[in-house]
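Asker: Here it is: the structure, laid out below.
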Amino acid sequence: MTELVQLNFSEKYQIRLKQAQDKLYIFCLIRKKWLVYTPEEWVRQHVLNYLINDLGYSTSAIALEVAIDITGMRKRADIVVYQQEKPFIMVECKAPNIAISQATFDQIARYNIVLGSQLLMVTNGLNHFYCMMDFVQKRYNFLKELPKKG
């Protein structure tokens, strides 16, 4: 069986896993289906639990792998939380073995030029970074955490 990395999230999350045909599967809270396990999906399901169970965002307000067109190149935002039908939080998930770098922040910033989300989260499951956009100054300011649904 695949070694599951202990992530820096609450241990109370009920991440559903199953083994079938010599493959490990993970159940997606949003898509409501079993997906082949990957380390990035392991992180994504923990982030979804965090957004839903800890911060109170509704599953109906969350979209996964949102298509973005950046100068003719098709990219995908890992997680987008909508509020009043506008992107509110965008999350970029990396596998635990991928270090969060300036390139990761550059990636989410490029995506956000198109989406215009107010809040950003970058995580590899071990390290989490939260930012609030300052569209006037064209920069982001780091936060200690994301706000709860209010």
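Asker: Starting from the Kirkwood Rh over alpha-carbon pairs, what translational D in µm² s⁻¹ does segment 17-143 have by Stokes-Einstein at 4 °C and 1.567 mPa s?
Answerer: Details: Rh = 15.2 Å.
It comes out at roughly 85 µm²/s.
Asker: Rounded, prolate or oblate: which fits segment 7-78 when a ≥ b ≥ c are the square roots of the eigenvalues of the alpha-carbon gyration tensor, with rounded for a/c under 1.5 and prolate only if a/b beats b/c?
Answerer: On the way: a/c = 2.08, a/b = 1.25, b/c = 1.67.
Here segment 7-78 falls in the oblate category.
Asker: To continue, here is another question. Summing Lys, Arg as +1 and Asp, Glu as -1, what charge do residues with Cβ under 14 Å from the Cβ of Lys33 carry, Lys33 excluded? All intermediate terms of the calculation are to be shown ahead of the outcome.
Answerer: Details: positive: Arg16, Lys18, Arg31, Lys32, Arg44; negative: Glu41, Glu65.
Net of charged neighbours comes to +3.
Asker: In whole Hz, with x marking every Gly and Pro, tabulate ³J(HN,Hα) for segment 52-61 from phi via Karplus 6.51 cos²θ - 1.76 cosθ + 1.60, θ = phi - 60°.
Answerer: Whole-Hz 3J(HN,Hα) from phi for segment 52-61: 7, 7, 8, 9, x, 7, 7, 4, 6, 9.
Asker: Ok, one more. ³J(HN,Hα) across segment 86-92 via Karplus (A = 6.51, B = -1.76, C = 1.60, θ = phi - 60°), whole Hz, x for Gly/Pro?
Answerer: Once rounded to whole Hz, the list reads 10, x, 10, 10, 10, 10, 10.
Asker: Nothing charged except the Cβ atoms of Lys and Arg (+1) and of Asp and Glu (-1): what's the magnitude of the dipole of segment 17-143 about its Cα centre? Round to the nearest 20 debye.
Answerer: Values: 14 positive and 11 negative charges, 46 e Å.
It comes to approximately 220 debye.
Asker: What are the ³J(HN,Hα) values, in whole Hz, obtained from phi via the Karplus relation 6.51 cos²θ - 1.76 cosθ + 1.60 with θ = phi - 60°, for each residue of segment 135-150 in sequence order, with x given for Gly and Pro?
Answerer: 5, 5, 7, 6, 8, 10, 10, 6, 10, 6, 7, 7, x, 6, 4, x
Asker: If you don't mind, there's one more thing I want to ask. Using a Gaussian network model on the chain with a 10 Å cutoff between Cα atoms, which of Ile30, Ile108, Ile89 fluctuates the most?
Answerer: Ile30
Asker: Enumerate by residue number the GluC sites (Glu not before Pro) in segment 1-87 meeting two conditions: DSSP loop (anything except H, G, I, E, B), and at most 12 other Cβ atoms within 10 Å of the site's Cβ. Intermediate results must be reported in sequence, preceding the final value.
Answerer: On the way: sites: Glu3, Glu11, Glu40, Glu41, Glu65, Glu85; in loops: Glu3, Glu11, Glu85.
When the GluC sites (Glu not before Pro) of segment 1-87 are filtered for loop state and at most 12 Cβ neighbours within 10 Å, Glu3, Glu11, Glu85 remain.
Since every read-out is calculated from the coordinates, none of them should be taken as a lab result. What you see is a predicted model; the values in this text were computed from it and never measured. All Cβ positions, even for glycine, are placed from backbone atoms using ideal geometry, and neighbour counts span all protein chains on display.
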